[in-house]
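Coordinate-derived values only; no laboratory data. What you are looking at is a predicted structure, and each value in this text was computed from that prediction instead of being measured. Don't worry about glycine lacking a Cβ; one is built from the backbone with ideal geometry, like all the others, and counts go over all protein chains shown.
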Amino acid sequence: MNPHEIDLHKELKKYFGFNQFKGLQEQVVKSIITGNNTFVIMPTGGGKSLCYQLPALVLDGTAIVVSPLIALMKNQVDAIRSLSSETGIAHVLNSSLNKTEVNQVKKDITSGVTKLLYVAPESLTKEEYLQFLNEVKISFVAIDEAHCISEWGHDFRPEYRNLRNIVRQLGDVPVIGLTATATPKVQEDILKNLDMPNANTFKASFNRPNLYYEVRTKTKNIESDIIRFIKQHKGKSGVIYCLSRKKVEEIAQVLQVNGISAVPYHAGLDAKTRAKHQDMFLMEDVEVVVATIAFGMGIDKPDVRFVIHHDIPKSLESYYQETGRAGRDGGEGHCLAYYSYKDIEKLEKFLSGKPVAEQEIGFALLQEVVAYAETSMSRRKFLLHYFGEEFDDVDGEGADMDDNVRNPKSKVEAQDQVVTLLKVVRDTKQLFKSKEVIFALVGKINAIIKAQRIDTQSYFGSGSKYDEKYWMALIRQVLVDGLLTKDIETYGVLKLSEKGEAFIKKPTSFMMSEDHEYNEEEDDAIVT
Ligand code: ADP
């Protein structure tokens, strides 16, 4: 059928029973059925699956869906099968199938019954499968969890790197990438690695207006603070994330002793106990799950009212994913993170044994976590900026839903300092990351400053009235405001934007939030 003649609403109703498309789905579906490379970025729960499932069902041939998790593939296949009387409509092709099963899959594909074929990336490299797929009609290849292709994503999988080559062997079929990870760096990596620079890109907003974001300084009183918080939320469901299994057990016990119904959840517990604790939480037999990041994948409890991070996570992507489990029903969702720079140092230590490239990425991601925790500006604006999204922190949806906005720190005029900063970035030829820009401002020397003879320039030390912490805070705010940008390629070199150039020529008021001062007390150690 001519793709332009397909009545998409009719097909949507027929297969899925929905009356309307959600968000950008209709545009995405149209892009796919008209044969375009397509890139879809939507937060979890945004309805990504339908974006490729509906085109697969209406187009000729079989769509290949690459997915990293066997358990998720099975769920998807069952879901599709339930939409049709034909079990062969969707299949999984992987190493767990015996010969007879593989033959059945091949038969269903050849006869045109199978519309969706789910494969793990490693299965797709198998010569035998490739040869077969080469001989049948493929409608398109959808790559789910496409961020796995990027080392900057939170779940890098080397086997994803091969996908483009494999897809090429299948002939000239459209490629669809889908992900819920939205940082500009990861997006760029995906488009590059899939070799589809001109793909139609659809990005949904990552704003979750009903979530309230709060960061508290982590002190030795953290446990009583958490208990008080939970008692204020009596009868409501919540998750507490800790980095280590030991801490999970400890906190769960402390809560129990204090009359809060809580269970631990981590990968060190046997499968039966894990399943039991998860069910208890879903059935509301307990109020709180204290967990490592092992908890949450695919958990769909709509009324989680708070997500507490006892320990700050290693990236803002993780933070966004984990807090995203709160308030799925659109109701209250309080996201509280405890922050101590000592925890950052511990996370840095974990990185120290890793390969250099991985370390560098890990450090850069951690720096963003620090910046988020320490900022005095709208946390929502900060998070969304991190995901490449502009947010209006005055009129935007959910604008007043964070601690910094509700209890604003005082603001000071920083127009002159912004000009000084921007000029240093310009005059150092936009070659430096924050560290060297700050050194040039305060007049501090290191090997790079020396080698580039920055210390002989007139602007060297032009900002020495303020300290390094001040400049770091200002850079963060100027970045979020878009006067400077961070180069994606090098992840960190500061570049002057057009807006920044205009600011130098015609400076306007720039009100800077004064950053938090942290008076941390000794915290109990995290033991992994
Ligand atoms: P994602 O993969 O982006 O996390 P899913 O594809 O799992 O999201 O979809 C999330 C939920 O939204 C599912 O329960 C799905 O049935 C529902 N959904 C998707 N599209 C629609 C629609 N057009 N109308 C109503 N519900 C939808």
Applied in sequence order to region 274-282, the curve 6.51 cos²θ - 1.76 cosθ + 1.60 (Karplus, θ = phi - 60°) yields integer Hz couplings, x standing for Gly and Pro, of 4, 4, 5, 5, 5, 5, 4, 5, 5
What the 10 Å binned alpha carbon P(r) of region 73-228 shows, as percent of pairs per bin from 0, is 9, 30, 28, 17, 9, 6, 1
Expressed in nanometres to one decimal, the distance between label points 7 Å along Cα→Cβ at ALA357 and ARG406 is 4.4 nm
About the Cα centre of the chain, what is the dipole size in debye to 20, counting +1 per Lys and Arg Cβ and -1 per Asp and Glu Cβ, all else neutral? 440 debye
Give a residue-ordered list of calculated ³J(HN,Hα) values for region 371-384 (Karplus: 6.51 cos²θ - 1.76 cosθ + 1.60, θ = phi - 60°; whole Hz; x for Gly, Pro). 4, 4, 5, 8, 5, 10, 8, 3, 5, 5, 4, 4, 4, 5
Convex hull around the C-alpha positions of the chain: the volume in Å³ per residue is 178 Å³
FRET efficiency (VAL394, VAL136; Cβ distance; R0 51 Å; to 0.05) is 0.40
Toward the positive end of the charge dipole of region 88-243, about the Cα centre and with charges on Cβ (Lys, Arg +1; Asp, Glu -1), which of MET196, CYS148, ILE89 goes farthest? CYS148
Helix 245-257: inclination vs the chain longest Cα principal axis, degrees, rounded to 10, gives 80 degrees
What fraction, in whole percent, of alpha-carbon pairs in region 130-188 exceed 19 Å separation? 34 percent
Give the calculated FRET efficiency between LYS349 and ASP300 to the nearest 0.05, with a Förster radius of 41 Å applied to their Cβ-Cβ distance. 0.75
Based on the alpha-carbon set only, what is the convex hull volume of region 144-227 divided per residue, in Å³? 146 Å³
What is the percent of Cα-Cα separations in region 316-462 that go past 24 Å? 51 percent
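Per residue of the chain, what 222 nm ellipticity follows from adding -39500 (n - 2.57) for every DSSP H run with n ≥ 4, rounded to the nearest 500?
On the way: 22 runs with 218 residues, N = 528.
-12000 deg cm²/dmol, from helical runs alone.
What does the C-alpha gyration tensor say about the overall shape of region 211-314? Classify as rounded when a/c is under 1.5, otherwise prolate if a/b is larger than b/c, or oblate.
rounded
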From phi via Karplus (6.51, -1.76, 1.60), per-residue ³J(HN,Hα) for region 116-122 in Hz, x at Gly/Pro: 10, 10, 8, 9, 7, x, 6
Dipole of the chain, positive end: most advanced residue of LEU133, VAL286, PRO264 [Cβ charges, Cα centre]: LEU133
Alpha-carbon radius of gyration plus Dmax, which is the widest Cα pair, for region 269-332 in Å: 12.0, 33
Looking at LEU69, GLY45, GLY396, which one has the Cα that reaches farthest to the positive end of the dipole of the chain (charges on Cβ: Lys, Arg +1; Asp, Glu -1)? LEU69
Cut-off 18 Å, label point 7 angstrom out along Cα-to-Cβ of GLU11: give me the residues of region 122-143 whose amide nitrogen falls inside. 137-143
